[in-house]
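Since the structure comes first, as structure tokens, the remarks are kept for the end.
What follows draws every value from the coordinates through simple rules; no lab data is involved. Since the structure is predicted, the reported quantities are computational estimates derived from the model, not experimental observations. All Cβ positions, even for glycine, are placed from backbone atoms using ideal geometry, and neighbour counts span all protein chains on display.
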Amino acid sequence: MILAAIIFIVLGVLIKYGKMYFLIAGYNTISKKEKEKYDIKGIATVFKNAMFGMGFMIIIGYFLSLFLKNYAIQNYAFWISIAIGTPYLLVKSNSKEFKK
């Protein structure tokens, strides 16, 4: 589970600070003119925040499961982070807030 958290955090860093916007689904397939209509830096910030949040929730769940010796907690933390993070990411990044 820690590997999944690390992957989320690394993806957030790559999208925001590495400017690897091609990792955002659909962004690299639109025309240059269409890309100018979006605030990609704002969208990248949303991706970073969502990925970091999901990663840290998984890490907290992992260490909490070790502390309480209840290993089901790490699974709950993983699936809850996915269930909350994915819809947040989709709704927030597709909002009108990031259209110029």
Q. Counting other Cβ atoms within 10 Å of each Cβ, which GluC sites (Glu not before Pro) in the chain have at most 16 and sit in a DSSP loop?
A. 36
(Q) Over all directions, the average projected area of the alpha-carbon convex hull for the chain comes to how many nm²? (A) 6.2 nm²
Q | For segment 55-64, Karplus couplings with θ = phi - 60° (6.51, -1.76, 1.60), whole Hz, Gly/Pro x | A | x, 5, 5, 5, 5, 4, x, 4, 5, 5
Q) Are there trypsin sites (Lys or Arg not before Pro) in segment 67-97 that DSSP marks as loop and that have at most 13 other Cβ atoms within 10 Å, and which are they? A) 69
Q) How long is the gain from residue 56 to residue 36 if the chain were fully straight, where each residue apart is worth 0.36 nm and the alpha carbon distance is subtracted? A) 4.0 nm
(Q) Give the lysines whose C-alpha is closer than 22 Å to that of residue 37, dropping any in the same chain fewer than 8 places away, or say none. (A) 16, 19, 48, 92, 96, 99, 100
Q. Can you give the calculated 222 nm mean residue ellipticity of the chain, where each DSSP H run of n ≥ 4 adds -39,500 (n - 2.57) and the sum is split over every residue, rounded to the nearest 500 deg cm²/dmol?
A. -23500 deg cm²/dmol
Q.
Please check: in the Gaussian network model of the chain (C-alpha springs, under 10 Å), which one of 47, 22, 78 has the largest mean-square fluctuation.
A. 22
Q) Between residue 88 and residue 68, what FRET efficiency comes out of the Förster formula 1/(1 + (r/R0)^6) with R0 = 25 Å and r the beta carbon distance, rounded to 0.05? A) 0.40
Q.
Among 80, 43, 15, which one shows the highest mean-square fluctuation when the chain is modelled as a Gaussian network with alpha-carbon springs under 10 Å?
A. 80
